[in-house]
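The values are calculated or read from the model by the stated rules, or taken from the named source; none is laboratory data. Being a predicted model, the structure only gives us computed values, none of them experimental. When we count neighbours, we look across all protein chains shown, and the Cβ atoms used for this are built from the backbone with ideal geometry, even at glycine. For the accessible areas, the whole protein counts, side chains as well, though only heavy atoms, and no ligand, DNA or RNA atoms are used. Shrake-Rupley method; radii C 1.70, N 1.55, O 1.52, S 1.80 Å.
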2 protein chains.
Amino acid sequence: MEKVDLLIHSAGQVCVMPGVSGPQRGAALGTLGLVENGAVAVRDGRILAVGSTIELQSKYEAEEVMDADGRCLIPGFVDPHTHIPWMGDRAGEFEQRLAGATYMEIMATGGGIMSTVRAVRQASVADLVADNRPRLERMLALGTTSVETKTGYGLNLAAELKQLEAMRLLNEALPIELTYTFLPAHAVPEEYNGRTDAYVDLVIEEMLPAGAEWMRQHNVSLFCDVFCEEGVFDVAQTRRILTAAAELGYRLKLHADEFVGLGGTMLAVELGAVSADHLVRTPEADIQALGQGDTVAVGLPGTPFGLAEPDYTPAKAIIKAGGALAVATDCNPGTSWCESQQMMMALACRYMGLTQAQALAAVTINAAYAIGRGREIGSLEPGKQADMLLLDTADYRQLGYRYGINLVRMVVKNGRVI
Amino acid sequence: MEKVDLLIHSAGQVCVMPGVSGPQRGAALGTLGLVENGAVAVRDGRILAVGSTIELQSKYEAEEVMDADGRCLIPGFVDPHTHIPWMGDRAGEFEQRLAGATYMEIMATGGGIMSTVRAVRQASVADLVADNRPRLERMLALGTTSVETKTGYGLNLAAELKQLEAMRLLNEALPIELTYTFLPAHAVPEEYNGRTDAYVDLVIEEMLPAGAEWMRQHNVSLFCDVFCEEGVFDVAQTRRILTAAAELGYRLKLHADEFVGLGGTMLAVELGAVSADHLVRTPEADIQALGQGDTVAVGLPGTPFGLAEPDYTPAKAIIKAGGALAVATDCNPGTSWCESQQMMMALACRYMGLTQAQALAAVTINAAYAIGRGREIGSLEPGKQADMLLLDTADYRQLGYRYGINLVRMVVKNGRVI
């Protein structure tokens, strides 16, 4: 009998969500790798084996043995797009919006994102850590074991670095695992009103090099992201920033086609960005490009839901084109404050037309690829980090079908029960 | 110093949600009765006083004192329309529906509701209790302190009475408080296919008297409800059933205008029904009638959301007409399995155009009136049952704004911390 640290057995279903050689694309999206009456063996924080309960019980002697009692075992959720950390809330703005103001109108009058920017600029690193800790803990309880976090509410060098520092401290303090994105080009700050190109110069000449220095200093990897949108950064400005970032060693991400399809998705594919996110108004040619390239399309169904807008990411067209589709919360105080990838599955099933299996792949294996970590997390394949969820239910199809609640009974992160 | 059992003080906001003389109607919907830095005193399971922290601390000496630490205190949610208890699930049917089948199509082919009916008919009372207990516990954890439950998955006398019995046992076993509705006219059972009038006769001649006998035997109150809808029970059949029920001592409810506006709402008002529920396709004249009558309009936003249909209860028109509007989950395995009134607030804000304050009134004081208990529960007014929620947040406006999660930190039922 081989010794292992943890053996979870008698799971009604183990959803492996295979994707060791790449994300699930096109018609393959929703491949479960289902093992019935399954078991998972864990050693040194990693998946050692997945198989039938009988097989694994005969092979492994575990320090800790857990009976799943027929429940379903799935990979930990990966949330590949959030705007954590932030300060304050915009519940008052939400109330205003119910009276008819649009997001772009609120933004144009200096409300919206700028109110969050002011709050973040005034906060200390300790404030940022204290305020964002509960939302990351909530995410973990809802099953998210890895989460992308980003700057973009600082919009000056000191405040952007403060956000990076808060992210690093939160990652050290909590079991949930953070990846870091640098997004000084999230919006044009008030002090650069009407001078977008001058702000782009500042980003390229001062902020990106400072972020790269922070990356080296802490020996971590950073994504660079840009909000490519009408009235924010156009495609030429976005190209300048991302090209400079790539030269400095950043991996690339992009906010594209949320309100207007400008060509950002095409640019993301051309530059080899790891992901292109939002993709609501994505032109047909850009959808076809996703099918050819390696960029993961990240749908953010919480945003149209949050804004009560009718149009969502054209997931079926992206799948048909052979693209790789992930889903994220976009968790942020302005358009969609929701920590739950289970809720996003419910939205993706109803408004993006995904089956529960496709939605599950979108928030696990494909979400892992959307943050460049598909070979480490996102599935229950041997060698990967043992990030797993035991559900309250025997059937994975209850995810997406049921909503507004938490079906996660137990969270395992790096082999450790949280 | 007067002695009390419980004093909760230093609540950032106490939302009283006043309505002791009737539901909040028309422009009054959303009246908070807000007390800042408030406190609530409880004796013998009832609200004794609500006021400022300073005032109540100087007046009352409490057995148990609780510091709300700036958080928000609101009445327990009342869920005035669910289909608990049921057996089984329809996650597979949900998967089919994602492939394009409609609810009415599934129902017409004997799937849909009939699969749940078969499961309930096969179950014992003990099965029903065991399967429905976790969902009621989940509701309570999400802040629902009183819930309407109903029959309607039996569709024969024995199975309908079995559901009533399960409801009674669940009410005895759990702190959450159940009200009971008898709904043998939820659908026409397979064995009466094409003979709707014969089934209506059976309901009136056999089932309603048996339900009335059960009501007397257990000294409880029962609502009678009918699913008035094209292809199910028409207005004439509905009128026959409800008129017979009223004569037997039932209070009345009605499923109306979910898919087609047949005139069910007008009938509900005419018969003095306590509530008319769904109200998606409600004709203008019926909306005006709601403004004149005492029937509470119950919007069920989970149903269009669950089915990904675009049309919701025309809440603004109902409010404008001076109607009383409540909101419920419609929790059921077919169209919307969600236990959370918080989620319904989020839907009501986005898709029915309610402000957070209006949505809060709709799930507390007005929901209490929708089950005929507005004088006992649904607000924090002296004399009412001490059913209260302490939120995770200082501002009630985070309800509705945030979604897919649970913002309830502590539940108090009849003065007892759960």
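A 1.4 Å probe run over the protein assembly as shown, with the rest of the protein chains in place, finds 32 Å² accessible per residue.
Each residue of region B:74-91 is assigned a 3J(HN,Hα), and the resulting list reads 9, x, x, 6, 10, 10, x, 7, 9, 10, 6, x, 9, 10, x, 9, 10, 5 Hz, derived from the Karplus form 6.51 cos²θ - 1.76 cosθ + 1.60 (θ = phi - 60°), x at Gly and Pro. Taking a ≥ b ≥ c as the square roots of the eigenvalues of the alpha-carbon gyration tensor, region B:1-46 is classed oblate because a/c is 1.5 or more while a/b is no larger than b/c. Residues of region A:301-315 that bury at least 10 Å² of accessible area once all protein chains are present, compared with their chain alone (1.4 Å probe, heavy atoms only, ligands and nucleic acids left out), are A:Phe305, A:Gly306, A:Ala308. About the centre of its Cα atoms, the protein assembly as shown shows a dipole size close to 360 debye [charges on the beta carbon of Lys, Arg (+1) and Asp, Glu (-1) only; nearest 20 debye]. Pairs B:Lys253/B:Lys384; A:Lys3/A:Lys413; A:Lys162/A:Lys413; A:Lys150/A:Lys253; B:Lys162/B:Lys413: which are spaced more than 22 Å apart, C-alpha to C-alpha? Pairs exceeding 22 Å: B:Lys253/B:Lys384; A:Lys162/A:Lys413; B:Lys162/B:Lys413.
The eigenvalues of the Cα gyration tensor, multiplied by 5 and square-rooted, give region A:77-369 an equivalent ellipsoid with semi-axes of 25, 22, 20 Å from largest to smallest. With its label point put 7 Å out from Cα toward Cβ, A:Ala198 sits 8.5 nm from the same residue's point in the other copies, in order from shortest.
Does anyone have the angle between helix B:157-173 and the longest principal axis of chain B? Alpha-carbon axes, 0 to 90°, nearest 10? Roughly 10 degrees, rounded to the nearest 10. Entry note, chain B: the mean residue ellipticity at 222 nm calculated from DSSP H runs of n ≥ 4, each adding -39500 (n - 2.57), is -10000 deg cm²/dmol after division by the residues and rounding to the nearest 500. Taken along the Cα-to-beta-carbon direction at a fixed 7 Å, the label points for A:Thr243 and B:Gln217 span 8.3 nm. Evaluated on region B:279-360, the Kirkwood hydrodynamic radius is 12.7 Å, with distances taken between all distinct Cα atoms. Suppose we compare each residue of region A:389-418 in its chain alone and in the full protein complex with a 1.4 Å probe; which ones drop by at least 30 Å² of accessible area? Checking the loss per residue gives A:Arg397, A:Gln398, A:Tyr401, A:Arg402, A:Tyr403, A:Gly404, A:Ile405. Interface between chains B and A: roughly 3700 Å² of accessible area buried, both sides summed (probe 1.4 Å, protein heavy atoms only).
What whole-number distance in Å separates the alpha-carbon centres of region A:340-418 and region B:7-34? Each part reduced to its Cα centre gives a spacing of 39 Å. Under a 5 Å amide H cut-off, with hydrogens placed 1.01 Å from N, B:Glu177 pairs with B:Ser146, B:Val147 among residues at least 5 apart or on other chains. Karplus-derived 3J(HN,Hα) values for region B:183-193, using 6.51 cos²θ - 1.76 cosθ + 1.60 with θ = phi - 60°, are 10, x, 9, 8, 6, 8, x, 3, 5, 10, 3 Hz; glycine and proline are entered as x.
For region A:54-94, a reduction of at least 10 Å² in accessible area between the chain on its own and the assembled protein chains (probe 1.4 Å) is found at A:Asp89, A:Ala91, A:Gly92, A:Phe94.
A label point on B:Glu105, set 7 Å along the Cα-to-Cβ line, lies at 3.8 nm from each of its counterparts in the other copies, closest listed first. The phi torsions of region A:383-393, fed into the Karplus equation with coefficients 6.51, -1.76 and 1.60 and a -60° offset, translate into couplings of x, 7, 4, 7, 10, 9, 10, 9, 8, 6, 10 Hz, rounded to whole numbers, with Gly and Pro shown as x.
To the nearest 20 Debye, how big is the dipole of chain B about its Cα centre, given +1 on the beta carbon of each Lys and Arg and -1 on that of each Asp and Glu? Around 620 debye, computed over chain B.
For A:Val296, the amide hydrogen comes within under 5 Å of the amide hydrogens of A:Ser275, A:Ala276, counting only partners 5 or more places away or on other chains and with H modelled in the peptide plane.
May I ask which residue of A:Ala308, A:Pro184, A:Ala39 lies farthest towards the positive end of the charge dipole of chain A, with charges of +1 (Lys, Arg) and -1 (Asp, Glu) on Cβ and the Cα centre as origin? Going by the Cα projections, it comes out as A:Ala39. In this Cβ point-charge picture (+1 for Lys and Arg, -1 for Asp and Glu), region B:166-283 has a dipole of about 320 debye about its Cα centre.
Within region B:31-63, name every residue whose backbone N is under 12 Å away from a label modeled 7 Å from Cα of B:Met1 along the Cβ vector. Residues passing the 12 Å test: B:57-63. Over all orientations, the protein assembly as shown has a Cα convex hull whose mean projected area works out to 34.5 square nanometres. Round to the nearest 10 and give me the degree value, 0 to 90, for the angle of helix A:113-122's Cα axis relative to the longest principal axis of chain A. So the helix axis and the longest Cα principal axis differ by about 80 degrees.
Expressed as a whole percent, the accessible surface of the protein assembly as shown that belongs to carbon and sulfur atoms is 50, based on a 1.4 Å probe. Annotation: amide H of B:Lys150 within the under-5 Å range of B:Ile84, B:Thr181, sequence separation 5 or more or interchain, hydrogens built in the peptide plane. Compute, for A:Arg46, the solvent-accessible surface of its heavy atoms (probe 1.4 Å) with the complete set of protein chains present, and express it in square angstrom to the nearest 10. Spelled out: A:Arg46, probe radius 1.4 Å, area about 90 Å².
Residue of chain B with the Cβ closest to the rotation axis carrying B onto A, and that distance rounded to whole Å: B:Gly404, 3.
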